[in-house]
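Right, one structure below, let's go through it.
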Ligand SMILES: [Zn+2]
């Protein structure tokens, strides 16, 4: 009996991402029942001549915020050049928003504006309104006096562990809430209804398909300042059931929702989700991933925990998001309870804490090939790169940070540490598998944009940012395919184009591995296939 495929994509330049250095090429892909069955021309019910276009594995964003991004598509876009422009955009939205409804904006960066917006100016442009503007990092926000009044913070701040209600010289809150202080807002804005979240998830997913993305990791659901609802998994499940989950999703669970379960002592399950649900449950469309633990804050917001002062704010080195010993214990308990851990750590002091905890966890309760992660791995000393490699830890840095917020990072780090930011080359040289990710909506999440910055290492203003950390176009493509698959333990199904693999494919106008480095971001996504189905076409 001869093989008959469902679909044959032919006359293509197929980057299979297999072979030595991921360098193998083919000219056809045959697909049967959602999987690749051959890399040659075989009989097929349908044949598509790609006219020489490039085919790669579907892109896989190892760290993004899907619902947050989908929600932000309906909010005021604050990626603006000046405070005047921010206030004008708020005033504009206030005019078109019914009284009593909130005015929500996202994406401002005080490094570009010169300062954070203030409650007084928000009150001036939108008198009496509830205004909530989120920083591009997501690690802080500014609210108007109406919101502060509802929180009981109109005239004086309160102490918040792991966060700050920022005040002026007279002790009056300015409207700026940092890190865990954002949680004070939770009782006013959360939870979002599941239907709102499903809308957001679908909106985000449709954008992802248009950019060649077929898999994402959602970096925190269910709780903490990052969660949108305590039943956030239900939103993803409903989206899936109703055909509104456009891409494959792995959900990180916010550590705040893990709790003691009352399991038998012998099980060693000291904390988790009800019923003992943990990392790995689900299928290739929707799966529970690691537990997300925040150890510190943001580099450009100067809230990440550093061992030395920030270059542009002497005397400041950020802070941890909790007591160091409590964070360590949380990592240990999650590890021994069977969770894969994804710890957010940006400053080198936070990275030390997490690496120490991972090392101790493996020493006391060894688990083979566990692949704990460090989200961002923002400012890493050379000794930390070597230690992460030795421990088998997967750092998850974001290439696009270099372009979009690189100027702020360079100012915060100064010349001596600028080479430590969001590394690429030295991670690969240490033998680490590098995933590709964006942290969308913190920055633009288009994978080809991320690859561009991994290769070119220039800020959007043109300044070199750790140029020694540049990687090749092929290595950047590997990050967004095989690297991210490895980080999610799905390299047996995704990340390469080979018989047996899921037929998740991006069809491109040019080859990121061979095009002029300055042109990678300009490559067009012509079509996207998920499980052998064409789910998007230019
Ligand atoms: Zn994130």
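The values are calculated or read from the model by the stated rules, or taken from the named source; none is laboratory data. None of the values given here were measured: they were computed from a predicted structure. So basically every Cβ, Gly included, is an ideal-geometry build from the backbone, and we count neighbours across all protein chains shown.
Quick check, is residue 241 buried (at least 19 other Cβ atoms within 10 Å of the Cβ) and either more than 30 Å from residue 179 (Cβ to Cβ) or free of Cβ contacts under 8 Å to residues at least 40 places away in the same chain (or both)? Break it down stepwise before answering.
Values: buried (at least 19 other Cβ atoms within 10 Å of the Cβ): no; either more than 30 Å from residue 179 (Cβ to Cβ) or free of Cβ contacts under 8 Å to residues at least 40 places away in the same chain (or both): yes.
No, not satisfied.
If you check 284, 325, which single one turns out to be within 30 Å of residue 532 (Cβ to Cβ) and either over 21 Å from the mean Cα position of the chain (by Cα) or not in a helix (DSSP H, G or I) (or both)? Lay out the reasoning, then the answer.
On the way: 325 fails: within 30 Å of residue 532 (Cβ to Cβ).
On inspection, the qualifying residue turns out to be 284.
So residue 297 passes all but one of these: (1) at pLDDT 95 or above; (2) surrounded by 15 or more Cβ atoms within 10 Å (Cβ to Cβ); (3) touching a strand residue (DSSP E or B) at 6+ places or on another chain (Cβ under 9 Å). Which condition number does it fail?
(1)
Condition first: within 16 Å of the ligand (Cβ to nearest atom) and modelled with pLDDT of 95 or more. Now tell me which residues in the range 226-247 satisfy that.
Of the residues in the range 226-247, the ones within 16 Å of the ligand (Cβ to nearest atom) are 226-228, 232.
Matches in the range 226-247: 232 only.
Could you please find all residues in the range 419-441 being within 16 Å of the ligand (Cβ to nearest atom) and within 19 Å of residue 347 (Cβ to Cβ)?
Result: 422, 437, 439.
Sort through 212, 175 and tell me the only one that's farther than 30 Å from residue 508 by Cβ and more than 16 Å from the ligand (Cβ to nearest atom). Full working, then the answer.
Working: 212 fails: farther than 30 Å from residue 508 by Cβ.
Just one listed residue meets the conditions, 175.
For the structure I just gave you, tell me whether residue 416 is away from the ligand (no atom under 16 Å from the Cβ) and modelled with pLDDT under 95.
Numbers: away from the ligand (no atom under 16 Å from the Cβ): yes; modelled with pLDDT under 95: yes.
In short, yes.
Which members of the range 135-152 meet the condition of being more than 16 Å from the ligand (Cβ to nearest atom) and on the phi > 0 side of the Ramachandran plot? Show your work before the answer.
So the first thing to find is which residues in the range 135-152 are more than 16 Å from the ligand (Cβ to nearest atom), and the list is 142-152.
Within the range 135-152, just 152 meets the criteria.
In the range 244-271, how many residues are in contact (Cβ under 8 Å) with a residue 40 or more places away in the chain, part of a helix (DSSP H, G or I) and surrounded by fewer than 19 Cβ atoms within 10 Å (Cβ to Cβ)?
0
Output the helices (runs of 4 or more DSSP H) that fall wholly within the range 419-538 and possess 2 or more residues being surrounded by 23 or more Cβ atoms within 10 Å (Cβ to Cβ), in contact with a helix residue (DSSP H, G or I) (Cβ under 7 Å, 6 or more places away or on another chain) and not assigned by TED's automatic domain parsing to the domain that holds residue 106, or say none. First the steps, then the outcome.
On the way: elements: 425-429, 447-456, 473-478, 484-487.
Once the helices (runs of 4 or more DSSP H) in the range 419-538 are filtered for at least 2 residues that are surrounded by 23 or more Cβ atoms within 10 Å (Cβ to Cβ), in contact with a helix residue (DSSP H, G or I) (Cβ under 7 Å, 6 or more places away or on another chain) and not assigned by TED's automatic domain parsing to the domain that holds residue 106, what remains is 447-456, 473-478.
Taking strands (runs of 3 or more DSSP E) that fall entirely within the range 163-226, which contain at least 1 residues that are farther than 30 Å from residue 452 by Cα, out of contact with any helix residue (DSSP H, G or I) (no Cβ under 6 Å at 6 or more places or on another chain) and without any contact (Cβ under 8 Å) to a residue 12 or more places away in the chain?
Details: elements: 163-167, 173-179, 213-221.
Fully inside the range 163-226 and qualifying: 163-167.
Given the criterion modelled with pLDDT of 95 or more, under 20 Å from residue 383 (Cα atoms) and out of contact with any strand residue (DSSP E or B) (no Cβ under 7 Å at 6 or more places or on another chain), identify the matching residue among 349, 324, 343. Walk me through how you get there before you give the answer.
Numbers: 324 fails: under 20 Å from residue 383 (Cα atoms); 343 fails: out of contact with any strand residue (DSSP E or B) (no Cβ under 7 Å at 6 or more places or on another chain).
Answer to the check: 349.
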